[in-house]
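Enquirer: The structure's right below; bear with me while I get my questions together.
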Amino acid sequence: MIILGIESSCDETGVGIAELGADGSVRLLADQVASSVGQHARFGGVVPEIASRAHLEAMRPTMDRALAESGLALSDVDAFAVTRGPGLAGALMVGVGAAKAYALALGKPCYGVNHLAGHVAADTLQHGSLPSPCLALLVSGGHTQLLLVEDLAGKITELGSTIDDAAGEAYDKVARLLELPYPGGPPIDKLAAEGDPEAIAFPRGMTGPRDARHDFSFSGLKTAVARWVERAEAAGETVPVADVAASFQEAVADVLTMKAVRAAEEYGIGTLLISGGVAANSRISGLAAQRCAAAGIELRVPRPRLCTDNGAMIAALGAALVHAGVAPTAMEFGADPAMPVELISL
Ligand code: KG4
Ligand code: ZN
């Protein structure tokens, strides 16, 4: 069966096509993404209205490119899957409207699915089906979540999430402070390689004995970096940007990997999956590999292209739902900006 996935929850318009085998295996046939990230750069973050308009312009061309890449015609598609939430309301509506229109016109089923579950599903395109249970750490500009995945098509439970900024958001804000370009993850990652991660002891948020074990907080860390830089500037010192970047990155990597490994041990889970744009970070994946190896936990990190927002992950989730025999969504569905992670599809 051919499943076509559409993603438009943030600033990436994605169309992916996957083939579902009779044994439940998924094969990626096309993965096309159009990003409006360049249009948001001067604002230092995603501007919802700009993102929505960019989706509208990119939807048809991205669909055409995906079909061309797969060598298939629209009539070959057996089922559609689309991100219904969570995400930006106006942006989600573009993808949902497009998917429903294609499905109705072709008389094919459509699944309104959860973006977060999509991030988890992305890994099946590279490493095959997921063991049950598995623990997923989603880290991007919009989310920081620890998910217990018992069944990709049926049962995902949120163990914890950030109570303020997402991990990627912290990277973007700290980059702005250090006058580095947006998005801030890649330049900080690069600069950190030249700095000393132990130069400055930045706080490890939510790691106190009374803090929620599986939740995260990055806003205090961002403020600590701002205060440190302000103090250095006020004292007339040259700010050691590489040391600040390395020390900030160490604080993020330390907390994320420590909490993920601890949760895996607590729940007796043998596999940790890290996904989302921040999973591309060299220190986070490096430290996760080290700590997972020490704890005897298998680590799965999909390639960066599958980690960031894309339509392929939505196609992969759609394929998992079709394989599990889950009923498609009734055509009256709309976008749900606050769709809870427990709801994998509607
Ligand atoms: O998944 P993604 O492309 O989009 C969403 O936010 O959904 O993630 C983008 C985020 C940005 O905040 C960006 O700064 C961060 O991922 N990022 C990184 C790296 N590459 C991208 N953060 C740390 N290190 C990186 N190498
Ligand atoms: Zn995402």
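Enquirer: Find the residue count for the stretch 17-32, including only residues that are away from ligand 1 (no atom under 15 Å from the Cβ) and within 30 Å of Gly168 (Cα to Cα).
Expert: Number of matching residues: 8.
Enquirer: Among the residues of the stretch 207-227, is any more than 28 Å from the chain's Cα centre (by Cα) and modelled with pLDDT of 95 or more? So that I can check it myself, show each step before the final result.
Expert: Applying the first criterion (more than 28 Å from the chain's Cα centre (by Cα)) to the stretch 207-227 yields 209-210, 227.
Add one more test, that the residue is modelled with pLDDT of 95 or more, and what stays is 227.
Taking every residue of the stretch 207-227 in turn, at least one turns out to be more than 28 Å from the chain's Cα centre (by Cα) and modelled with pLDDT of 95 or more.
Enquirer: Additional query: Filter the stretch 171-195 down to the residues that are within 23 Å of Leu137 (Cβ to Cβ) and either within 16 Å of ligand 2 (Cβ to nearest atom) or of a type in the set (Asp, Glu) (or both) and list them by number.
Expert: If the condition is that a residue be within 23 Å of Leu137 (Cβ to Cβ) and either within 16 Å of ligand 2 (Cβ to nearest atom) or of a type in the set (Asp, Glu) (or both), then Tyr171, Asp172, Pro183, Gly185, Asp189 are the ones that fit.
Enquirer: Would you mind listing the strands (runs of 3 or more DSSP E) fully within the stretch 84-200 where at least 2 residues are crowded, with 21+ Cβ neighbours inside 10 Å?
Expert: Ranges flagged: 110-114, 134-139, 144-151.
Enquirer: Enumerate the helices (runs of 4 or more DSSP H) found wholly within the stretch 262-346, keeping only those where 3 or more residues are touching a residue at least 24 places away in the same chain (Cβ under 8 Å) and away from ligand 1 (no atom under 16 Å from the Cβ).
Expert: Because the criterion is at least 3 residues that are touching a residue at least 24 places away in the same chain (Cβ under 8 Å) and away from ligand 1 (no atom under 16 Å from the Cβ), the helices (runs of 4 or more DSSP H) in the stretch 262-346 that meet it are 282-295, 312-323.
Enquirer: Same structure, new question: Can Gln126 be described as touching a residue at least 40 places away in the same chain (Cβ under 8 Å) and within 16 Å of ligand 2 (Cβ to nearest atom)?
Expert: On the way: touching a residue at least 40 places away in the same chain (Cβ under 8 Å): yes; within 16 Å of ligand 2 (Cβ to nearest atom): no.
Taking the combined requirement at face value, the residue does not satisfy it.
The values are calculated or read from the model by the stated rules, or taken from the named source; none is laboratory data. Note that the structure is predicted; figures quoted are calculated from it, not measured. Note: ideal-geometry Cβ built from the backbone for every residue, glycine included; neighbour counts use all protein chains shown.
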